[in-house]
Amino acid sequence: MSLTINHNMMAMDTAMNLSKSYSALATSTRRLSSGLRITSASDDAAGLAVREIMRSEIKSLNQGVRNANDAISMIQTADGALGVIDEKLIRMKELAMQAATGTYSSDRRLIIDSEYQAMASEITRIANSTDFNGIHLLNGNLSGTTSMHNGNGITAAGPMKVHFGTGNDSAEDYYYVSINTSTASALGLGLGAGTKGGANVNAGKSISTQTLAQVALDALNNAIVSKDKIRANLGAMENRLQNTITNLNVQAENTQAAESQVSDVDVATEMTNFTRNQILTQSAVAMLSQANGLGRLAMQLIGG
């Protein structure tokens, strides 16, 4: 290599190596300070795309867990109200048993029937007032199969969709929660119990006479069974949601582990790179200082 003044090729070559080492050192510093292997698209374009897809999956799965937990809270709210209704039904059956015996006069049975009707009214009040986030649970709004509770109307009706998956596949990403009506009339009790063809379809209207009290016992048994079926269905759905949450948590954890493999920096490896790049940078700086001094040799020749 010739000794020249206009072009110091040694210094230029050393400066180029310094630039590479310093850039690599900056990359290692950025990765170690952020904890991420991919901090920009230039680090790994394909890896960045994979990471962002995984991140969206993880966020969706975590939100699905929250959705399922909200559904569990809603079911527990309904079940708690049905527990109170259960107490009222037991008391009504106790009153019917009391009125069914012949040791009470008619006016005494009317007094007993007044409490019976009060219990029926309270069951209806509980069913109509029990709500979760403004959604009524026991008044029949969540029952039926013809329409779905999708929030289109002010008062939505039909089974409620609980969405927990990351897509919109009915076989994988959601299912419906249905809760039958639990008012007194729906259970066949109280003065609101319906009639059909002039005959009592629901025999639990009143216990004001001994005969009515006796037939009311069967109606009350049927009402208790109907209520138990609703609670059993809610319990089964709550268990299903708990299993769904467990599965979603496993998916989110595994996806997070995969995302970490793609995105997170290996600190031990990167620290080794950082140390190497740091030494190379320091060495390049020292050599650049020496290369920049080579021009003085030409001056010595000229001066000599």
Within the range 28-45, how many residues are under 11 Å from Asp266 (Cβ atoms) and among the acidic types (Asp, Glu)? 0
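For the condition modelled with pLDDT of 90 or more, assigned by TED's automatic domain parsing to the domain that holds Asn141 and more than 29 Å from Ile72 (Cβ to Cβ), what is the one hit in Thr209, Thr246, Thr181?
Unique residue meeting the criteria: Thr209.
Among the candidates Arg91, Arg66, single out the residue that is at pLDDT 95 or above and farther than 30 Å from Gly190 by Cβ.
Details: Arg91 fails: farther than 30 Å from Gly190 by Cβ.
Criteria check complete, one pass: Arg66.
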Any idea which of (1) closer than 16 Å to Ser185 by Cα; (2) modelled with pLDDT of 95 or more is the one Asn222 doesn't satisfy? (2)
Working carefully through the options Ala223, Ala257, Ala236, Ala286, find the one that is of a type in the set (A, V, I, L, M), assigned to a helix (DSSP H, G or I) and buried (at least 19 other Cβ atoms within 10 Å of the Cβ). Ala223
Among the listed residues Leu32, Leu61, which satisfies the condition of being over 28 Å from the mean Cα position of the chain (by Cα) and over 30 Å from Ala213 (Cα atoms)? Leu32
Per-region count, the range 109-135, residues surrounded by 15 or more Cβ atoms within 10 Å (Cβ to Cβ) and not in a helix (DSSP H, G or I): 4
List every residue pair whose Cβ atoms lie under 8 Å apart, where the two residues are 6 or more positions apart in sequence or sit on different chains, the first residue falls within the range 217-230 and is over 12 Å from Ile90 (Cβ atoms), and the second residue, located anywhere, is among the polar types (S, T, N, Q). Ala219/Asn202; Ser226/Asn180; Lys229/Asn180; Ile230/Asn180; Ile230/Ser182
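The values are calculated or read from the model by the stated rules, or taken from the named source; none is laboratory data. All values reported here derive from a predicted model rather than from experimental measurement. Backbone-built Cβ (ideal geometry, glycine too); neighbour counts: all protein chains shown.
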